[in-house]
Amino acid sequence: SSCPNPGPLEAATWDVRRLVSLDTYDGVRVDISKQLSPYFAVVHSFHLGTSMLPDGRTSSYGFTTQMNDEEGFCMARVDPERGTMDGRIHKALFGGVAMAKLQVGTSSEGSNDQLLGEIDLGAQTWTANLKYGSMGGGNVFGCNYFQSVTPRLAMGGEGMYIGANGNMMSSYTAKYSFNPSNSGDGDERQGMLSLNYKRAITPSRVNIGASLECSPATLESQVMVGAEFNLTRSKMNVCVDGTGRIQSTLEAKLGREQGSPSLNFAAELDHGKSLMRFGYGLNIG
């Protein structure tokens with residue numbers, strides 16, 4: 001078949017989303033990672049002087065461990081101050097034909113504990129996902145399917161039932177690749193229509209993206225545009241939305257060797273809310 005594998009349905013809009021929605025923050029972020037063996041690594045994560053934590057704290061610390069091999073990986077993250085632990089296990093099945101995933105989240109209160117199991121399936125021209133678990137005090141069922149219709153067009157859909165509130169959710173996606181560097185997709189989710197476009201101006205150097213979200217029922221809409229510039233040892237992203245909010249990030253490598261530290265800067269300016277944020281970070285290891 002000349003039709004390629006379209007990849008996971010949830011990844012259909014990632015290329016655009018990472019351009020138009022940036023991870024900006026305030027304060028200082030420091031991530032220190034240590035490779036203890038070829039298969040085992042640990043990460044210490046600090047966030048200091050921030051006003052963005054939901055519980056009003058101004059600092060946080062997390063400890064992450066990860067073990068991986070050729071067939072999958074295991075990861076766990078602990079936040080001792082909040083008393084939470086999150087974990088993931090990915091394991092290839094049947095020689096890589098399927099991928100089993102398990103996601104666990106626990107807290108000292110127990111009210112937000114969750115357990116979610118998934119199986120990713122795929123063949124030459126399609127991918128599918130089945131999920132079952134417990135979130136928010138109720139069961140969760142879900143499935144999705146993504147099929148290459150032509151070498152350039154892929155279409156799919158997703159359905160999910162959330163037992164905690166009895167909601168049934170569905171979405172439908174179509175993605176068209178004009179060429180390997182340019183793509184566009186449409187997504188209909190719970191009455192919201194999303195149109196996304198990504199273009200590589202200079203391959204591996206300059207990328208731009210745009211996203212339009214609108215509700216046909218209420219005529220409310222939101223537009224976002226973003227750009228990415230990859231230089232020799234640095235990367236800059238900037239995005240603007242329809243409310244006048246501007247976000248930008250800058251990542252600079254401090255060396256040429258593999259694993260060299262990187263220095264990060266993040267800024268956000270929201271004219272409508274008279275909000276300004278600035279943060280910087282350091283990744284070591």
(message) Tell me yes or no: at least one residue of the stretch 120-127 is at positive phi and in contact with a Ser or Thr (Cβ under 9 Å, 6 or more places away or on another chain).
(response) no
(request) Confirm whether Ala174 is hydrophobic (A, V, I, L, M, F, W, C), surrounded by 15 or more Cβ atoms within 10 Å (Cβ to Cβ) and either touching a Cys at 6+ places or on another chain (Cβ under 8 Å) or in contact (Cβ under 8 Å) with a residue 60 or more places away in the chain (or both). (result) no
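Residues checked against (1) hydroxyl-bearing (Ser, Thr, Tyr); (2) outside any strand (DSSP E or B); (3) surrounded by fewer than 17 Cβ atoms within 10 Å (Cβ to Cβ):
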{"residue": "Gln222", "(1), (2), (3)": "no, no, yes"}
{"residue": "Val238", "(1), (2), (3)": "no, no, no"}
{"residue": "Thr243", "(1), (2), (3)": "yes, yes, yes"}
{"residue": "Ser248", "(1), (2), (3)": "yes, no, no"}
{"residue": "Glu268", "(1), (2), (3)": "no, no, no"}
{"residue": "Arg277", "(1), (2), (3)": "no, no, no"}
(request) For the stretch 216-237, name all the residues that are closer than 17 Å to Asp15 by Cα and either in contact with a Cys (Cβ under 7 Å, 6 or more places away or on another chain) or in contact (Cβ under 8 Å) with a residue 24 or more places away in the chain (or both). (result) Met224, Val225, Gly226, Ala227, Glu228, Phe229, Asn230, Asn237
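Being over 14 Å from Leu9 (Cβ atoms), polar (S, T, N, Q) and in a strand (DSSP E or B) narrows it down to one residue among Gln103, Gln124; which is it?
One residue alone meets the criteria, Gln103.
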(message) Phe141 - would you say it is aromatic (Phe, Trp, Tyr), in contact with a Phe, Trp or Tyr (Cβ under 6 Å, 6 or more places away or on another chain) and at pLDDT 90 or above?
(response) yes
(request) Would you mind stating whether Asn196 is polar (S, T, N, Q) and more than 20 Å from the chain's Cα centre (by Cα)? (result) no
(message) Looking only at the stretch 16-65, how many residues end up being assigned to a loop (DSSP other than H, G, I, E, B) and within 21 Å of the chain's Cα centre (by Cα)?
(response) 9
(message) Just to be sure I understand, how many residues within the stretch 133-152 are of a type outside the set (Ser, Thr, Tyr) and over 20 Å from the mean Cα position of the chain (by Cα)?
(response) 11
(message) Can you tell me how many residues within the stretch 85-112 are surrounded by 16 or more Cβ atoms within 10 Å (Cβ to Cβ) and charged (D, E, K, R)?
(response) 3
(message) For the list (1) more than 23 Å from the chain's Cα centre (by Cα); (2) surrounded by 14 or more Cβ atoms within 10 Å (Cβ to Cβ); (3) more than 30 Å from Ser177 (Cα to Cα); (4) not hydrophobic (A, V, I, L, M, F, W, C), I need the number of the one condition that Gly117 fails.
(response) (1)
(request) Output the number of residues of the stretch 187-202 satisfying the condition of being touching a strand residue (DSSP E or B) at 6+ places or on another chain (Cβ under 8 Å), surrounded by fewer than 17 Cβ atoms within 10 Å (Cβ to Cβ) and of a type in the set (Gly, Ala, Ser). (result) 0
(request) Can you run down the residue pairs with Cβ atoms below 8 Å, 6 or more apart or on separate chains, where the first is in the stretch 185-204 and without any contact (Cβ under 8 Å) to a residue 12 or more places away in the chain and farther than 19 Å from Arg152 by Cα and the partner is surrounded by 13 or more Cβ atoms within 10 Å (Cβ to Cβ) and not hydroxyl-bearing (Ser, Thr, Tyr)? (result) Ile201/Asn207; Ile201/Ile208
(message) I'm trying to understand the selection: among the residues of the stretch 154-169, which are surrounded by 12 or more Cβ atoms within 10 Å (Cβ to Cβ) and part of a strand (DSSP E or B)?
(response) Ala154, Met155, Gly156, Gly157, Glu158, Gly159, Met160, Tyr161, Ile162, Met169
(message) On the basis of being of a type outside the set (Asp, Glu) and crowded, with 16+ Cβ neighbours inside 10 Å, does Gln147 make the cut?
(response) yes
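The values are calculated or read from the model by the stated rules, or taken from the named source; none is laboratory data. For clarity, every value in this text was computed on a predicted model and none was experimentally measured. Cβ: placed from backbone, ideal geometry, glycine included. Neighbour counts: every protein chain shown.
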